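Novice: This is the structure I want to talk about, given as structure tokens.
Every read-out reported here was derived from the displayed coordinates using simple, explicitly stated rules and does not represent laboratory data. What you are looking at is a predicted structure, and each value in this text was computed from that prediction instead of being measured. All Cβ positions, even for glycine, are placed from backbone atoms using ideal geometry, and neighbour counts span all protein chains on display.
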Amino acid sequence: MLTVDMENKENGSLDVKNSVENGRPLDPADWAVIDVVNYFRTAGFEEQASAFQEQEIDGKSLLLMTRNDVLTGLSLKLGPALKIYEYHVKPLQTQHLKNNSL
């Protein structure tokens with residue numbers, strides 16, 4: 001089992017230093033809705049995580065989300081929505097593309 005070395009940063013992002021097992025698949029494309037919800041709860045977005053559950057956003061859906069989807073489609077407050085997209089969704093998408101283009 002892999003260990004998690006995560007550090008909450010001031011901007012709400014997580015610094016993931018090792019591959020993350022933490023009860024969910026390593027590749028976000030394989031995450032179930034509950035994995036997405038737990039990811040955002042762990043990241044400090046407890047209140048906003050419920051929006052992902054209500055909209056049934058799984059890993060595949062998360063990786064396809066645009067900035068506009070996060071800012072308007074989830075009915076979140078602007079500040080948290082911007083942080084979620086810039087510090088979480090976008091980096092997950094970038095990492096997924098890097099891992100799958102090798």
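Novice: Of these, Ser75, Ser50, Ser101, which one is within 22 Å of Asp27 (Cβ to Cβ) and free of Cβ contacts under 8 Å to residues at least 40 places away in the same chain? Don't jump to the end; show me each part of the working.
Specialist: Values: Ser75 fails: within 22 Å of Asp27 (Cβ to Cβ); Ser50 fails: within 22 Å of Asp27 (Cβ to Cβ).
Testing whether each residue is within 22 Å of Asp27 (Cβ to Cβ) and free of Cβ contacts under 8 Å to residues at least 40 places away in the same chain leaves just Ser101.
Novice: Can you report the number of residues in region 69-88 which are surrounded by 15 or more Cβ atoms within 10 Å (Cβ to Cβ) and among the small types (Gly, Ala, Ser)?
Specialist: Number satisfying all stated conditions: 1.
Novice: Does any residue of region 20-33 turn out to be surrounded by fewer than 19 Cβ atoms within 10 Å (Cβ to Cβ), of a type in the set (A, V, I, L, M, F, W, C) and over 13 Å from the mean Cα position of the chain (by Cα)?
Specialist: no
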